[in-house]
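The values are calculated or read from the model by the stated rules, or taken from the named source; none is laboratory data. In this text the structure is predicted, and so the values were computed from the model without any measurement. Virtual Cβ from ideal backbone geometry, glycine too; neighbours counted across all protein chains shown. Note: areas computed on protein heavy atoms with side chains; ligands, DNA, RNA excluded. Shrake-Rupley method; radii C 1.70, N 1.55, O 1.52, S 1.80 Å.
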Amino acid sequence: MKRRVPALLAASALALGAVQATAPAASAKAAGEDSLAALLTSDGDQFDKNKRDFDIVTEAALAVVAAKPDSPVGLLADGSKRLTVFAPTDEAFRLLAKDLTGQTIRSEKKIFESLVALAGVDTIETVLLYHVVPGKTLTSNKVLKANGAKLMTAAGESVKVRVRTKPSVSITLKDKDRNDQDPQVVLKAIDLNKGNKQVAHGIDRVLRPIDL
């Protein structure tokens, strides 16, 4: 059956790499309403061997919306709604799958299938929503000023921001799993869709809404 739900969280590495932390500030004009879904479908929604893009999280979002058409995940296709997404790379999901299964899985498709089998659609929905900050357009300059802030996510749980500027800039997101390494923002994958109400930043691990 032909998919009618847009891929919500995919982008090519080329598109991401073009958006740098040093990008000039947006003009004072009103924020646009191009949705993240519209922008992030540029890679054709295909599993590949690029661990730095977002194929797995795309398929996860599609699975949720297909099973639950009224899921808040669908808001990523509505550019009139302000939100910020911290989007895990495919490598981030590979690390999660290894933690859950004890195995290193190379195939993106197999990683996705194993996570669906282990977690189920409802849990995947909760995890995805834990990566969405609704009602706020948090560009990188705002995130860099948010050290110590707690961001309330669409899953109803907060994420704490830790910013370091020395010896180099790093942005860490502290989730509910106290025993695992916390995700960091990928500085070469920030401010995606800047100038619009919806923006995204890549992260190198999956945020965990519970202590695994």
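Is the shape of the stretch 118-160 best called rounded, prolate or oblate, per the rule: a/c under 1.5 gives rounded, else a/b larger than b/c gives prolate, else oblate, with a ≥ b ≥ c the square roots of the Cα gyration tensor eigenvalues? Spell out each step's value before the answer.
Working: a/c = 2.89, a/b = 2.47, b/c = 1.17.
Prolate.
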Unsatisfied cross-links (Cα-Cα over 22 Å) in the set Lys81/Lys109; Lys109/Lys160; Lys142/Lys194; Lys166/Lys188: Lys81/Lys109; Lys109/Lys160
Rounded, prolate or oblate (a/c below 1.5 giving rounded, otherwise prolate when a/b exceeds b/c) for the stretch 163-212 by Cα gyration tensor: oblate
Cα centre as origin, Lys/Arg/Asp/Glu Cβ charges: the stretch 121-201 dipole, Debye: 600
Positive dipole terminus of the stretch 70-212, leading residue within Thr137, Thr165, Leu95 (C-beta point charges): Thr165
Pairwise label distance in nanometres, Val169 with Asp34, each label 7 Å out on the Cα-Cβ vector: 2.2
Estimated distance in nm for a label pair at Lys81 and Leu118, the labels positioned 7 Å out from Cα along Cα-to-Cβ: 2.8
Surface accessible to a 1.4 Å probe, Thr139 within the full protein complex, Å²: 20
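Gain in length, Asn179 to Ser107, computed as 0.36 nm per residue apart minus the alpha-carbon separation, to one decimal in nm?
Details: separation 72, 0.36 × 72 = 25.92 nm, distance 2.63 nm.
Value of the extension gain: 23.3 nm.
Calculate the dipole size of the stretch 75-180 relative to its Cα centre from +1 charges on Lys and Arg beta carbons and -1 charges on Asp and Glu beta carbons; express the result in debye to the nearest 20.
Details: 18 positive and 12 negative charges, 146 e Å.
The calculation lands at about 700 debye.
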Backbone N under 13 Å from the Asn50 label point (7 Å along Cα→Cβ), restricted to the stretch 113-128: none
Accessible surface of the stretch 109-212 [probe 1.4 Å, protein heavy atoms]: carbon and sulfur percent: 51
By accessible area with a 1.4 Å probe, ligands and nucleic acids excluded, highest first: order of Lys160, Lys197: Lys160, Lys197
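What Kirkwood Rh does the stretch 35-185 have if only Cα atoms enter the pairwise 1/r average? Answer in Å. Spell out each step's value before the answer.
Details: mean 1/r = 0.0613 Å⁻¹.
When all Cα pairs of the stretch 35-185 are included, the Kirkwood radius is 16.3 Å.
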